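A.B. asks: Just dropping this structure here.
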Amino acid sequence: MTRAHGVPRDLVVTLVALLPVLAWDLSGLDLPVERLLGTAAGFSWRSHWLTSIVLHQGGRALAWIVFGLLVVNVLRPLAGCSLPRAERVRWVLVTLAVLAVVPVFKDISATSCPWSLAEFGGSAAYVPHWQLGLRDGGPGGCFPSGHATSAAAYFTGWFALRTRHPLAARRWLALALLLTLLFGAGQVLRGAHYVSHVLWAAWLCWAAAALTAPRPAPAAAYAAP
């Protein structure tokens, strides 16, 4: 973890990344976006093959396939991977830890998903997720996005690879960001999550990955994502 003017750069990046998340929360655009996508009859994208099968079910399967490859990488390094076994083991364990972060928040969340709102055919009233403990009359347990975590949890690859394989680390991070966006967008279209749920899931995964990241060698340059 290199430093900028005495401050760990990973911390700087994490705090800067928090700003657009907070800005979206303050904008109050979560519900207006869902109103563009849903009606009193529900969300037309909820059961669409692209969002339901490809992005949701397929995304979940892809996440487990990638995790399986990380486990295989521990037993036998995949092509081009020169990480020592201890670092490969750490990568797997840290990814598991990051995957567990968002479910903890979901378990205590009183926020219901958009498709549970009365105006979209459910029974809940809209209550912003930051109004902690205030029940909305629905099932709750929706904040933040668990499905976006299927991709965002793999931000750990950036931290694992950046010192020994900087180019691979940048490509890994770009792909993880793209899949987080796609998986999150699919859930927003389905009415399964608000945009803020996706943003917070991504930020929490990044923060957890940064917090548990191995410290790069002092001479290693920090390559921007």
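The values are calculated or read from the model by the stated rules, or taken from the named source; none is laboratory data. Quick caveat, the model's predicted, so the values are computed rather than measured. In this analysis, Cβ positions are derived from the backbone assuming ideal geometry, glycine residues included, and neighbour counts consider all displayed protein chains. Just the protein is used for accessible areas: all its heavy atoms, side chains included, with ligands, DNA and RNA removed. Shrake-Rupley method; radii C 1.70, N 1.55, O 1.52, S 1.80 Å.
A.B. asks: If I ask for residues that are surrounded by 19 or more Cβ atoms within 10 Å (Cβ to Cβ), part of a loop (DSSP other than H, G, I, E, B) and of a type in the set (D, E, K, R), which ones from segment 159-216 would you list?
C.D. replies: Selection gives Arg162 alone.
A.B. asks: Cβ contacts < 6 Å: first residue farther than 20 Å from Leu189 by Cβ, restricted to segment 20-36; second residue surrounded by 12 or more Cβ atoms within 10 Å (Cβ to Cβ) and of a type in the set (S, T, N, Q), any location; separation 6+ or different chain. Result?
C.D. replies: Asp25/Ser196
A.B. asks: While we're here: Scan segment 78-109 for residues that are over 30 Å from Gly141 (Cα atoms), open to solvent by less than 60 Å² (accessible area, probe 1.4 Å) and not hydrophobic (A, V, I, L, M, F, W, C) and jot them down.
C.D. replies: Pro84, Arg88
A.B. asks: If you take the residues in segment 27-41 that are surrounded by 16 or more Cβ atoms within 10 Å (Cβ to Cβ) and not aliphatic (A, V, I, L, M), which one is farthest from the chain's Cα centre (by Cα)?
C.D. replies: Gly38
A.B. asks: Please verify whether segment 44-64 includes one or more residues that are more than 23 Å from the chain's Cα centre (by Cα) and exposed (fewer than 12 other Cβ atoms within 10 Å of the Cβ).
C.D. replies: no
A.B. asks: For the structure I just gave you, tell me whether Val89 is without any contact (Cβ under 8 Å) to a residue 24 or more places away in the chain, of a type in the set (Val, Ile, Thr) and in contact with an Asp or Glu (Cβ under 9 Å, 6 or more places away or on another chain).
C.D. replies: No: the conditions fail for Val89.
A.B. asks: Still on this structure, I have one more. Check off (1) in a helix (DSSP H, G or I); (2) in contact with a helix residue (DSSP H, G or I) (Cβ under 9 Å, 6 or more places away or on another chain); (3) under 22 Å from Gln187 (Cβ atoms) for Leu70 and give me the number that stays unchecked.
C.D. replies: Failing condition for Leu70: (3).
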